[in-house]
Amino acid sequence: MTTTPRWRALTHHHLFWPVAVLVILLLVNVPFTPDFFSIKMTDGHLYGSLVSIVLFGSPLILVAVGMTLVIATGGIDLSVGAVVAITGALTCSYISDQADQSALSGVFLAMGIGLVAAVVCGLWNGFLVARMGIQPIIATLIIMVAGRGVAQLITDGQIITVNSEPYKLIGGGYWLTLPFSIFVVAAVVAVTVALTRRTALGLLVESVGGNAEASRLVGIRSMRIKIMVYVFCALCAGIAGLMISSNTSAADGNNAGLWIELDAILAVVIGGTSLLGGRFSIGGTVVGALVIQTLTTTIYTIGVPTQTNLVFKAAVVIIVCLMQSPKFRAKVFGGRFGTKPGAKGGTGQPAAAQAEPAAATEPAPKMEVS
Amino acid sequence: MLNRRNFLTAAVGVAAAGGLAACAKEDEGSSSSSAGDGGGKKLTLGFSQVGSESGWRSANTDSVKASAKEAGYKLQFSDAQQKQENQISAIRNFIAQKVDVIAFSPVVVTGWDAVLKEAKAKKIPVVLTDRSVETSDESLYVTLVGSDFTDEGRRAAKILEKVLETAGHKGAVKIAQLEGTTGAAPAIERAKGFKEVMDADHKDDWKIVASQTGDFTRAGGKQVMAAFLQSNPDINVLYAHNDDMGLGAIQAIEAAGKKPGKDILIVTVDGVKDGFVAMSEGKINAIVECNPLLGPQLMEVVQKVKDGETVERWIKTKESDFMQAQAKDALPTRKY
């Protein structure tokens, strides 16, 4: 079907495995939901599983994009979930105090307040990591733990419901028949890609992640770069917080963005960014986030029993991670993917996917022998 | 050396004085109450709350505080912030302060034996509220004042019969269930009670076609329901283990171009204010109440326990069921 060098170029592309996993996951849904790929017009907007995946996945994509840059500098940001909660709580409590909740000026001001709070959290993280030299995992743990308490303090432990049409737009509304959040995500991703790949910024981030001290010695202000990525990450989390609270028109200090930091880190890893820093792929992260959201949707649609949800999720994640490991592929497939060109072309790919569960259990004894 | 010793002595002295002062204060409190022993002694109740994780919980706290005040009891309130160790130390404090009765909503089910034995040794009766505990010795607590979650499930199924009748629904009933947090007692028991009634009375015509956890949250309910509507477009009933998930699901149903309360009949549990607002708008068909306002019942029990009367092992909260027609009238009375 395809010529050999092209196939090799395809399998060697850094987005090949994340995209392959995404496609496989989407296809798994088809037997359970026959019209999974169909998209129809309902009430003047597009409606379908794919639209839902993008809509519900938007906050995760945003958080994960921010996380990518932090991880690229060799750091990690655990506080994003709490920042999501704080932003949502502040914004919703401000809107709910307004006499006219639908007044545009009030909504913009509320969102501004929320985002400023997010930036402050980011500055704090950046300050602790870059200036104080505290391990990122510890520095960001502070807001992860305390932030949720702050969010609850703002909401007074209640779920604040808002009734604001303009605010509803950002996370739950539609524009040009598409969920508005898609445009927000597209804008943030476009700006991020432009800034990191069309300017030297991306290179600087990778350089700091590779070796912060060496970067400093060649004249890169690594501290400033680090603070910047934490602020950017918190800002992304803040926008995600606006989306999450807007999606349900309510701020839930306790549950908004709960464990999103872990999903975001996972998305970054699936996307092929090294946790050691020094290399990142925004496109990979977006695909990774979509993989996670598709997985969640898949669990709901194929009727996995509630008690085994997490086991199912874990199994898929393990398989995905193993598939991404070149060493694992070389051992199991004997270098069919990656080193040598595959003869079967496109058809070989789903077949390999179906062999995954069996393959995942086989290699262990093999490795012991060798 | 001498300086240091002096300093230490002084420090110890100050600390002791502070402690004494604190003791004196407390003694004053207790002596005043014991002084009034003959005529209407002021009963002291130590109450340790789980935390403030939801609107339901805050309403629960407010109810306990208000009714203690009304009953004229002295309330020692402590918030455990979802941590068992906080709760244990709060209970130890209550024991040290020699309160008359200890009441608490346990954060978790197990691990209470030691501290409850301490209370028993001091002859301080313990009353559980809202949630139960597992102990080796049943005599460690006097009674539980709280909801029967299994019964709430049964009531949800019973009220669904009424809802179907009111809506004039004919044919198969395809139910989607939004479960609470996996492993939480309310989630397990609300599912169990509902299934009991369903298996007994509606084996042929009712079917749960999809069931998944929405973690008791609006966002969870919305996301799960959106997926359900794709995989099972013929769902015509939704049973949500709490109002919040139901409220999220309503948004998902609307996004799918269907009418909540009409195309899909909705029964939820809890009865928070937002739930009643949605019901008065016709978007929820029936709500099974899980009443957090158990303060008055708790105070009644506390008095009885203090007076040495025997009480039942489980005092169930007074709860009612609400159909859509009652929503408008009930709405102004909803406190939480």
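Which of the residues spanning region B:297-310 are β-branched (Val, Ile, Thr), under 17 Å from B:Lys120 (Cα atoms) and surrounded by 15 or more Cβ atoms within 10 Å (Cβ to Cβ)? Explain how you work it out, then say what you get.
Quick first cut of region B:297-310, residues β-branched (Val, Ile, Thr) only: B:301-302, B:305, B:310.
Those still in the list that are under 17 Å from B:Lys120 (Cα atoms) too: B:302, B:305, B:310.
B:Val302, B:Val305, listed by residue number.
Residue count for region B:99-124 under the criterion of being without any contact (Cβ under 8 Å) to a residue 40 or more places away in the chain and of a type in the set (Asp, Glu): the result is 2.
Could you say whether any residue in region B:172-181 is more than 16 Å from B:Gly261 (Cβ to Cβ), of a type in the set (A, V, I, L, M, F, W, C) and either in contact with a Lys or Arg (Cβ under 6 Å, 6 or more places away or on another chain) or at the interface with chain A (Cβ under 10 Å from one of its Cβ atoms) (or both)? Among the residues of region B:172-181, not one is more than 16 Å from B:Gly261 (Cβ to Cβ), of a type in the set (A, V, I, L, M, F, W, C) and either in contact with a Lys or Arg (Cβ under 6 Å, 6 or more places away or on another chain) or at the interface with chain A (Cβ under 10 Å from one of its Cβ atoms) (or both), which makes the answer no. Out of A:Leu104, A:Leu90, A:Leu50, one residue alone is over 21 Å from the mean Cα position of the chain (by Cα) and either hydroxyl-bearing (Ser, Thr, Tyr) or at pLDDT below 95 (or both). It is A:Leu104. Consider B:Phe228 carefully, then state whether it is in contact with a strand residue (DSSP E or B) (Cβ under 7 Å, 6 or more places away or on another chain), in contact (Cβ under 8 Å) with a residue 40 or more places away in the chain, at the interface with chain A (Cβ under 9 Å from one of its Cβ atoms) and not charged (D, E, K, R). So B:Phe228 passes the test. Candidates are the residues of region A:159-197 that are of a type in the set (Phe, Trp, Tyr) and in a helix (DSSP H, G or I); the one that is surrounded by the most Cβ atoms within 10 Å (Cβ to Cβ) is A:Tyr167.
Scanning region B:274-296 for residues that are surrounded by fewer than 19 Cβ atoms within 10 Å (Cβ to Cβ) and of a type outside the set (Val, Ile, Thr) turns up B:Ser280, B:Glu281, B:Gly282, B:Pro296.
The residues of region A:145-158 that are within 12 Å of chain B (Cβ to nearest Cβ) and over 25 Å from the mean Cα position of the chain (by Cα), listed by number, are A:Leu153, A:Thr155, A:Asp156, A:Gly157, A:Gln158.
With respect to the conditions (1) farther than 16 Å from A:Ile159 by Cα; (2) within 8 Å of chain A (Cβ to nearest Cβ), B:Val237 lacks only one, and its number is (2).
Those helices (runs of 4 or more DSSP H) of region A:35-144 in which at least 2 residues are within 14 Å of chain B (Cβ to nearest Cβ), considering only elements entirely within it, cover A:49-72, A:80-97. Can you tell me which residues in region B:125-148 are free of Cβ contacts under 8 Å to residues at least 60 places away in the same chain and hydrophobic (A, V, I, L, M, F, W, C)? B:Val126, B:Leu128, B:Val133, B:Leu140, listed by residue number.
Matching residues to (1) over 18 Å from A:Gln158 (Cα atoms); (2) assigned by TED's automatic domain parsing to the domain that holds B:Lys273; (3) modelled with pLDDT under 85; (4) in a helix (DSSP H, G or I):
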{"site": "B:Gly18", "(1), (2), (3), (4)": "yes, no, yes, yes"}
{"site": "B:Cys23", "(1), (2), (3), (4)": "yes, no, yes, yes"}
{"site": "B:Ser32", "(1), (2), (3), (4)": "yes, no, yes, yes"}
{"site": "B:Ser67", "(1), (2), (3), (4)": "yes, no, no, yes"}
{"site": "B:Glu70", "(1), (2), (3), (4)": "yes, no, no, yes"}
{"site": "B:Phe77", "(1), (2), (3), (4)": "yes, no, no, no"}
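Considering (1) outside any helix (DSSP H, G or I); (2) away from every other protein chain (no Cβ under 14 Å); (3) within 23 Å of A:Ser79 (Cα to Cα), the lone condition that A:Cys233 does not fulfil carries the number (1). Might you let me know whether region A:312-322 holds any residue that is within 14 Å of chain B (Cβ to nearest Cβ) and over 20 Å from the mean Cα position of the chain (by Cα)? The answer is no, given that none of the residues of region A:312-322 is within 14 Å of chain B (Cβ to nearest Cβ) and over 20 Å from the mean Cα position of the chain (by Cα).
In this structure, does A:Ile318 turn out to be at pLDDT 85 or above and buried (at least 17 other Cβ atoms within 10 Å of the Cβ)? The answer is no for A:Ile318.
Could we say that A:Gln293 is part of a helix (DSSP H, G or I), modelled with pLDDT under 90 and farther than 30 Å from A:Ser207 by Cα here?
It is false that A:Gln293 is part of a helix (DSSP H, G or I), modelled with pLDDT under 90 and farther than 30 Å from A:Ser207 by Cα.
Can you tell me which residue is surrounded by the fewest Cβ atoms within 10 Å (Cβ to Cβ) among those in region B:231-242 that are touching a residue at least 60 places away in the same chain (Cβ under 8 Å) and out of contact with any His (no Cβ under 9 Å at 6 or more places or on another chain)?
As a first pass, look at region B:231-242 and keep what is touching a residue at least 60 places away in the same chain (Cβ under 8 Å): B:234-242.
If we keep only those that are out of contact with any His (no Cβ under 9 Å at 6 or more places or on another chain) too, we end up with B:234-235, B:238-242.
Numbers: B:Asp234: 8, B:Ile235: 21, B:Leu238: 29, B:Tyr239: 26, B:Ala240: 32, B:His241: 32, B:Asn242: 29.
Here the residue is B:Asp234.
Are any residues in region B:67-82 exposed (fewer than 15 other Cβ atoms within 10 Å of the Cβ), at negative phi and touching a residue at least 12 places away in the same chain (Cβ under 8 Å), and if so, which ones? Within region B:67-82, B:Glu70, B:Phe77 meet the criteria.
The values are calculated or read from the model by the stated rules, or taken from the named source; none is laboratory data. Remember, predicted model here, so these are calculated numbers, not experimental data. For neighbour counting, all protein chains shown are included, and Cβ atoms are generated from backbone atoms with ideal geometry for every residue, glycine included.
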